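Colleague: Please find one structure pasted underneath; my questions will follow.
Values quoted throughout were computed directly from the atomic coordinates according to the rules given, and no laboratory measurement underlies them. On a predicted model such as this, the values are computed, not experimentally measured, just so you know. Ideal geometry is used to build each Cβ from the backbone, glycine not excepted, and the neighbour counts take in all protein chains shown.
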Amino acid sequence: MTHESGWKKKSQEDRESIFLFSEGYKAFLDRAKTEREAVRSILQNLSNHGFSGDPAAGKVVQTNRGKEAVAFVKGKQGLDEGCNIIAAHIDAPRLDLKQNPLYEDVGLGLLKTHYYGGIKKYQWVAMPLAIHGTIVKTDGRAIELVIGEEETDPVFSIDDLLPHLSRKTQDEKKLSEAIDGEKLTLLFGSIPVIGEEKEAVTKHILELLSDRYGIVEEDLISAEIEVVPAFKARDVGIDRSMVGAYGQDDRASAYPLLKAISEIETPIRSCLAIFIDKEEIGSEGNTGMKSAFLRIFLDDVLQGLNVKCSESLMRKMLFRSRALSADVNGAVNPMFQDVHEKQNACYLGHGLCITKFTGHGGKVGANDAHAEYIAEIRRIFEKKDIIWQTGELGKIDEGGGGTVAKYLAEYGMDIVDCGAPLLAMHSPFEISSKLDIYETYRAFKAFLES
């Protein structure tokens, strides 16, 4: 086996299709920077393709607390034969505002944050940041907040230390310790209220929040406000062959899955597309893969199709299903090739990556797909001329990671990880290949139709 760029196998017509597909992908990245925004975008797209809350129509979509969505397309075979399932997560590493975030120091208004997921803290300082979130008042009204995305909006930033003064404070520390988590505070304002002696900047900020958004400081307690990069998705490279953007882990899987499920009409097996929250922190909580929502959704679908639902049927349906855990992998970085075992690594522009196992060390915490199932996936992809590769997440004992695969595997279904390779994964500006994103879409559609 040899690694070869997938672009060599694409005609000019193919390349035009890839570039056109990437325009929709970039637009999705820009309007879906949080899990709530992703769900709203997914719902809008699926409703335009005939999905509703009525199982009798054959195309169903439901949401869970605005942070998780599951879509179903009825197939020709009975549900007791199982489904074709693909799960992608729609949360991404970020900074969250603390519940009591606002304070003032040295004449500046500041917001305290708590980082979410695996980030390199130094990557989040000295860059333009935007605020996205939902504030729920005690009367139940929800206020949606997006500041920093329009050209006329202000942006926010986390101040870094100038190099003239950082030798002892930062430069002599390990890179992981140079930026303390508690110092990831957002610059939020600096104009004081005239005539006020104490917390004059804070009071001015609160006046602005009240006048512009109708919120008081206590409302921040019942809020979920996320701090994300303020820039939009961009083409990368003189040939525009790559996409640079925030949140491609795992919207590089969510968007291809959305496009694939929206185009499925009458598949052989019933299909499920799961857009899940909380993967970056272990799939915890009632909107993560460990929650009961999938079974509740399937119970509603069965009842809506006038199928007598029983625990036995549910267990058999899930056990006989087959699935893809749609998640990205780390492509070989040209500057840090030594962290990869290159014979078993994935490469940008070489197609989507099948990852047989994840976990760390001795495959701890991994789903390890069976050889028979890998062969089945190979047959599906090769039949449609999908460009694909295999890969591990780094050398043994170098690192590792986890996905939702093991939680679906607990139902007894076969499942394997599968998705696009990324450079600079978990950074504010991740890099993908347009070819890999397009092949991911083609692969997901081929799997759902099989």
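Colleague: What distance in nm separates the simple spin-label points at residue 207 and residue 77, each placed 7 Å from Cα in the Cβ direction?
Modeller: About 6.8 nm, to one decimal.
Colleague: Relative contact order of region 95-229, please, whole-number percent, based on alpha carbon pairs below 8 angstrom and at least 6 residues apart.
Modeller: The value is 37 percent.
Colleague: Using the Karplus curve 6.51 cos²θ - 1.76 cosθ + 1.60 with θ = phi - 60°, what ³J(HN,Hα) values do you get for each residue of region 392-403, in whole Hz, with x for Gly and Pro?
Modeller: Once rounded to whole Hz, the list reads 9, 8, x, 5, 4, 6, 7, x, x, x, x, 9.
Colleague: Need the full-extension length gain, residue 218 to residue 114, defined as separation in residues times 0.36 nm minus the C-alpha distance. One decimal, nm.
Modeller: So the extension gain works out to 35.6 nm.
Colleague: Please give the calculated 222 nm ellipticity per residue for the chain, where each DSSP H segment of at least 4 residues contributes -39500 (n - 2.57) and the sum is spread over every residue; nearest 500 deg cm²/dmol?
Modeller: Helix contribution divided over all residues of the chain: -8500 deg cm²/dmol.
Colleague: So, one more: Taking the Cβ-Cβ separation of residue 396 and residue 370 as r and a Förster radius of 22 Å, what is the calculated FRET efficiency to the nearest 0.05?
Modeller: Once the sixth-power term is evaluated, E becomes 0.55.
Colleague: If you stretched the chain out fully between residue 54 and residue 19, how much longer would it get, using 0.36 nm times the residue separation minus the C-alpha to C-alpha distance?
Modeller: 9.1 nm
Colleague: Sorted by average packing, counted as other Cβ atoms within 10 angstrom per residue and highest first, what order do 419-428, 106-115, 85-94, 167-176 take?
Modeller: So the order, starting with the most tightly packed, is 85-94, 419-428, 106-115, 167-176.
Colleague: Take the alpha-carbon centre of region 1-79, take the same for region 246-273, and report the distance between them in whole Å.
Modeller: Here the answer is 4 Å between Cα centres.
Colleague: Going highest first, how would you order 433-441, 183-191 by mean Cβ packing within 10 Å?
Modeller: Put in order of decreasing packing, that is 433-441, 183-191.
Colleague: Computed over the Cα atoms of the chain, what is the ratio Rg over Rh, Rh following Kirkwood?
Modeller: When Rh is taken as the Kirkwood radius, the ratio is 0.99.
Colleague: Taking the chain as a whole, which cysteines find no other cysteine Cβ under 4.7 angstrom from their Cβ?
Modeller: 83, 271, 309, 418
Colleague: At 0.36 nm per residue, minus the direct Cα-Cα distance, what do residue 4 and residue 378 gain on full extension? Give it in nm, one decimal, please.
Modeller: Value of the extension gain: 132.9 nm.
Colleague: Sticking with this one: Could you run the Karplus curve 6.51 cos²θ - 1.76 cosθ + 1.60 with θ = phi - 60° over region 76-92 and give me ³J(HN,Hα) per residue in whole Hz, x for Gly and Pro?
Modeller: Per-residue couplings from phi come out as 6, 6, x, 5, 5, 7, x, 10, 8, 10, 10, 10, 10, 9, 10, 8, 8 Hz.
Colleague: Using Cα centres only, tell me the gap between region 296-329 and region 390-450 in whole Å.
Modeller: Between the Cα centres of region 296-329 and region 390-450 lies a distance of 22 Å.
Colleague: At a threshold of 8 angstrom on Cα-Cα distance, excluding pairs fewer than six apart, so keeping six or more, what relative contact order does the chain reach in percent?
Modeller: This gives 23 percent for the chain.
Colleague: Percent of Cα-Cα pairs per 10 Å bin, from 0 to the last occupied bin, for region 95-229, please list those.
Modeller: So the P(r) values, bin by bin, are 11, 39, 34, 13, 2, 0.
Colleague: Let me ask something else about it. Picking from 119, 431, 274, which is most flexible by a Gaussian network model of the chain using Cα springs under 10 Å?
Modeller: Largest GNM mean-square fluctuation: 119.
Colleague: Arranged by the count of other C-beta atoms within 10 angstrom, fewest first, what order do 309, 271 take?
Modeller: Arranged by neighbour count, lowest to highest, 309, 271 become 309, 271.
Colleague: Given a Förster radius of 30 Å and the C-beta distance between residue 239 and residue 338 as r, what FRET efficiency does 1/(1 + (r/R0)^6) yield to the nearest 0.05?
Modeller: My answer for the efficiency is 0.65.
Colleague: Hey, another quick one. Please find the FRET efficiency linking residue 198 to residue 311, where r is the Cβ-Cβ separation and R0 is fixed at 45 Å, and quote it to the nearest 0.05.
Modeller: Once the sixth-power term is evaluated, E becomes 0.15.
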